[in-house]
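Below is one structure, written out as structure tokens, with a few remarks after it.
The values are calculated or read from the model by the stated rules, or taken from the named source; none is laboratory data. Just so we're clear, the structure is a prediction, and the values are computed from it rather than from any experiment. Counting neighbours? That spans all protein chains shown, and the Cβs are built from the backbone with ideal geometry, glycine included.
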Amino acid sequence: MVIATLFFASPALAQTVLDGKGALAEFDAGMAALEAEEFETARVHLDRACQWGVAAACHNLAILWTNGKGGPKDMSRARPLFQTGCDGKYGGKNPEDACFNFALTLEKGWGGAQDLTGARNYYLKACSIGQQFACFNAGNMQMQGIGGDVDDAGAFASYDKACGLDIGDGCYNAAFLIVKKRATGTAEKGFAHYKTRACELGVEKVC
């Protein structure tokens, strides 16, 4: 199961800029335009802020290119902007949603060639900084050997983190790996923990 969802960045995350107050002012103007649903204006301001180094602006501009609001829809323009949003910084914080979105474009082949190895790596990056759906998707790729070798220990770790971030299917898949004896030496919490948590999070087939 792959979660095909795109996430907007929070305006609170954009603090570090290359061009001082001017870039941040452009970002703020872009976010205000988004709030007002003035998407064409938002594109103008976010594009300027992105060019001046505000990674959050690049991410939100990518969303607008993705959904076609305020202008044409063009995934070939969105995809590199997601990467810029991911590999940049927001006030010392990594943009986990931009990393997830970039991984998704790589996995699906949106806006360019499919790159499963790259998708796996960026899901893992997003997971490492707390993007819950990225943890689940990374676990799927590790368990199935997509974009790299089968990595049961890595898959279990990814599912365990997804479970801890309230993704019920992550709990279910962690339990699955234990049952199949593919999580030997890594499953400290045990099958019952993951089964119970999956049920609590709405995975009815284990209740």
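Table: residues versus (1) hydroxyl-bearing (S, T, Y); (2) surrounded by fewer than 18 Cβ atoms within 10 Å (Cβ to Cβ); (3) modelled with pLDDT of 95 or more.
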residue	(1), (2), (3)
E107	no, no, yes
G112	no, yes, yes
D115	no, yes, yes
Y122	yes, no, yes
N140	no, no, yes
V150	no, yes, yes
A155	no, no, yes
Y159	yes, no, yes
C163	no, no, yes
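Restricting attention to region 1-58, which residues are modelled with pLDDT under 85 and of a type in the set (F, W, Y)?
F7, F8
Residues to consider are I146, I178; find the one that is surrounded by 15 or more Cβ atoms within 10 Å (Cβ to Cβ), assigned to a loop (DSSP other than H, G, I, E, B) and without any contact (Cβ under 8 Å) to a residue 40 or more places away in the chain. Spell out how you get there, then give the answer.
Details: I178 fails: assigned to a loop (DSSP other than H, G, I, E, B).
None of the other options fit; the residue is I146.
Tell me the residue from N60, N67 that is surrounded by fewer than 24 Cβ atoms within 10 Å (Cβ to Cβ), of a type outside the set (A, V, I, L, M, F, W, C) and either over 25 Å from N140 (Cα atoms) or out of contact with any Phe, Trp or Tyr (no Cβ under 6 Å at 6 or more places or on another chain) (or both), please.
On the way: N60 fails: surrounded by fewer than 24 Cβ atoms within 10 Å (Cβ to Cβ).
So the residue among N60, N67 that is surrounded by fewer than 24 Cβ atoms within 10 Å (Cβ to Cβ), of a type outside the set (A, V, I, L, M, F, W, C) and either over 25 Å from N140 (Cα atoms) or out of contact with any Phe, Trp or Tyr (no Cβ under 6 Å at 6 or more places or on another chain) (or both) is N67.
What about K73, is it basic (K, R), modelled with pLDDT under 90 and either surrounded by 22 or more Cβ atoms within 10 Å (Cβ to Cβ) or not assigned by TED's automatic domain parsing to the domain that holds A162 (or both)?
Values: basic (K, R): yes; modelled with pLDDT under 90: no; either surrounded by 22 or more Cβ atoms within 10 Å (Cβ to Cβ) or not assigned by TED's automatic domain parsing to the domain that holds A162 (or both): yes.
The answer is no for K73.
For F156, only one of the following conditions fails: (1) under 30 Å from S76 (Cα atoms); (2) in a helix (DSSP H, G or I). What is its number?
Looking at each condition in turn, F156 falls short on (1).
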